[in-house]
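Please treat every number below as a calculation from the coordinates, not as lab data. Since we're looking at a predicted model, the values are computed, not measured. When we count neighbours, we look across all protein chains shown, and the Cβ atoms used for this are built from the backbone with ideal geometry, even at glycine.
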């Protein structure tokens with residue numbers, strides 16, 4: 001945190017500002033610095049040029065201001081400068097913000113998440129599936145917006161899955177399945193080898209070539225990786241793996257990526273085959289739905305309510321909602337794990353009229369305000 005005032009302001013002005021700040025924010029351990037601050041407290045007017053110097057090289061900043069001594073007026077000028085120079089900002093008047101402690105906690109959670117996200121390297125194994133015509137993200141945009149690095153590799157860059165050993169720990173994880181899981185475990189061993197050699201922090205795989213050519217799926221391997229804490233997605237969906245990373249770093253949980261299979265009334269029917277086993281209360285192994293080959297997870301989603309999140313491929317918009325899980329169907333005509341969730345009517349209309357794509361991310365619990373804050377901080381419009 002940097003404290004700024006008009007040029008050559010006496011030391012007592014700065015000391016008073018620090019005293020005000022600590023009184024307003026008693027729960028925070030505030031460290032005062034003038035090098036690469038993550039927040040600026042504007043004590044008086046006339047401090048705009050000082051702020052400009054501090055902002056050099058910044059991509060985001062929190063601006064705090066007061067009502068007195070033209071503090072807020074100066075802060076408005078500073079925010080306008082940031083807006084013109086692609087520096088993401090949030091401005092608070094600490095005199096009037098009723099929930100300033102909560103808001104600042106969200107800021108620091110989001111700031112820490114963004115710092116972590118900027119260290120991620122995503123592996124795209126294969127291609128983006130050709131039906132995902134609204135879900136590819138340009139690698140330069142990923143880097144510029146979030147600092148995410150994307151590397152594409154071919155399945156052919158590594159030995160065939162059948163060359164890898166059976167993983168007994170993997171098989172034991174899915175115990176009593178009634179299926180022979182040796183080939184599924186070999187796919188898991190292959191993905192582990194790719195992740196280790198390429199230093200990937202998250203992966204999304206084009207999975208259909210595996211099942212079409214070899215009658216083996218990556219569903220269980222991806223489920224296991226997500227359960228272990230490595231964000232993993234299928235169909236080469238770049239938009240979904242980006243959202244998974246964001247949610248993981250904000251909440252500590254990796255969400256379920258699901259098809260929006262139907263919308264009826266205020267209910268959405270979601271279904272997919274790769275849910276992590278730590279998101280279900282019970283599950284069984286079934287075949288992959290579209291091909292009736294390989295293996296997939298058919299689980300009972302354990303949470304009673306959930307947040308729904310989806311980015312667009314331009315990283316400019318997001319869909320966000322929250323609702324109650326009404327039913328956990330077991331239909332034969334959809335992907336294996338299934339839920340019906342009720343959300344507000346206004347959000348249903350958004351999904352009907354302006355969907356951002358098919359796959360949505362389902363995360364147990366209420367995380368709407370934190371995700372909304374995150375989106376606002378980096379310039380993504382929540383529709």
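Could you tell me how many cubic angstrom of Cα convex hull volume the stretch 121-382 has per residue? Walk me through the numbers before you get to the answer.
Working: hull volume 30.0 nm³, N = 262.
Cα-based convex hull of the stretch 121-382, divided per residue, equals 114 Å³.
If we count other beta carbons within 10 Å of each Cβ, what is the order of 135, 116, 47, fewest first?
Values: 135 24, 116 15, 47 27.
Listed from fewest to most nearby Cβ atoms, that is 116, 135, 47.
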query: Given labels modelled 7 Å from the Cα in the Cβ direction, how far is it in nm from residue 13 to residue 383?
result: 4.8 nm
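Can you give the direction-averaged projected area of the convex hull of the alpha-carbon atoms in the stretch 1-114, in nm²? Don't skip to the answer; put the middle values down first.
On the way: hull surface 26.0 nm².
Taking a quarter of the hull surface, the average projection is 6.5 nm².
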- request: Could you tell me, in Å, what Rg and Dmax come out for the Cα atoms of the stretch 77-193?
  value: 22.5, 66
message: Give me 199, 288 sorted ascending by neighbouring Cβ count inside 10 Å, so fewest comes first.
response: 199, 288
The stretch 236-300-the stretch 4-38 distance, computed between alpha-carbon centres (Å): 47 Å
statement: Here, residue 108 and residue 305, labelled 7 Å along Cα→Cβ, have an inter-label distance in nm of 2.6 nm
- line: Taking r as the C-beta separation of residue 22 and residue 292 and R0 as 56 Å, the FRET efficiency to the nearest 0.05 is 0.30
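Order by neighbour count: 257, 1, fewest other Cβ atoms within 10 Å first, most last. Intermediate values should be presented prior to the final figure.
Values: 257 30, 1 18.
Sorted ascending by nearby Cβ count, the order is 1, 257.
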- line: Computed over the chain, the relative contact order (Cα-Cα under 8 Å, seq sep at least six) in percent reads 13 percent
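Could you give the length gained on full extension between residue 139 and residue 262, defined as 0.36 nm per residue of separation minus the Cα-Cα distance, in nm? Intermediate results must be reported in sequence, preceding the final value.
Numbers: separation 123, 0.36 × 123 = 44.28 nm, distance 3.11 nm.
Result: 41.2 nm gained on full extension.
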